[in-house]
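For reference, the structure is listed below as structure tokens.
The values are calculated or read from the model by the stated rules, or taken from the named source; none is laboratory data. No experiment lies behind these values; they were computed from the predicted model shown. Every residue, glycine as well, gets a Cβ built from its backbone with ideal geometry; the counts of neighbours run over all protein chains shown. Accessible surface areas use protein heavy atoms only, side chains included; no ligands, DNA or RNA. Shrake-Rupley method; radii C 1.70, N 1.55, O 1.52, S 1.80 Å.
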Amino acid sequence: MDTDQVIWIVVAIVVILAVAALAWMLMRRAQQKKHAEERRERAERAAELRSEADQHARTLPDAELRAKEEEVNAEKLRLDAERAEERAREAETSYLQQSARQEDRIREAERLDPDGGGTHRATPGATDAWQDDPDDTRNH
């Protein structure tokens with residue numbers, strides 16, 4: 001090889017290296033620009049999220065207060081329901097006691113005078129077939 005060929009080979013290698021370096025620099029610059037844009041977008045999104053969080057933080061005390069008020073209302077309703085259930089139990093107990101006393105009176109009356117009227121029943125509203133049967137000889 002002569003010197004001209006070596007020079008041309010060296011020049012070609014230098015040009016190839018220069019083009020490669022230029023391409024690498026352009027690619028790197030594009031990547032840096034892309035990363036900078038991504039960082040800017042992330043920073044904008046973070047700022048939006050912080051703003052939303054600040055706005056939401058302002059409404060939290062109101063929401064907490066409403067939640068506590070609803071808890072108090074729910075407890076009051078539970079207590080009212082318990083009281084109503086107790087009143088219902090008391091009313092039922094009273095009814096059952098009165099009904100039992102009524103049955104006792106009727107039984108005592110029937111014991112004292114089995115043939116004396118026989119139209120009363122121990123249970124209010126209950127009937128026996130023999131009471132209304134005109135052919136029944138027990139009452140006659």
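Taking 0.36 nm per intervening residue step and subtracting the Cα-Cα distance, what contour gain separates LEU65 from MET27 on full extension?
Extra length available between LEU65 and MET27 comes to 8.0 nm.
If you add up the charges near ARG45, with Lys and Arg at +1 and Asp and Glu at -1, over every other residue whose beta carbon is less than 14 angstrom from its beta carbon, what do you get?
After counting each charged neighbour, the total is -2.
How long is the stretch 26-83 along each principal axis, judged by its Cα atoms, biggest number first, in Å?
82, 18, 6
Treating cross-link reach as a plain straight distance, find the lysines whose alpha-carbon is under 30 Å from the alpha-carbon of LYS76, omitting any fewer than eight places away in the same chain.
Output for LYS76: LYS68.
For LEU77 and ALA100 in the same chain, what is the full-extension length gain: residue separation times 0.36 nm, less their Cα-Cα distance, in nm?
4.9 nm
Just how much of THR93 is accessible, in Å², when a 1.4 Å probe is used and the result is rounded to the nearest 10?
Only protein atoms counted, so the area is about 70 Å².
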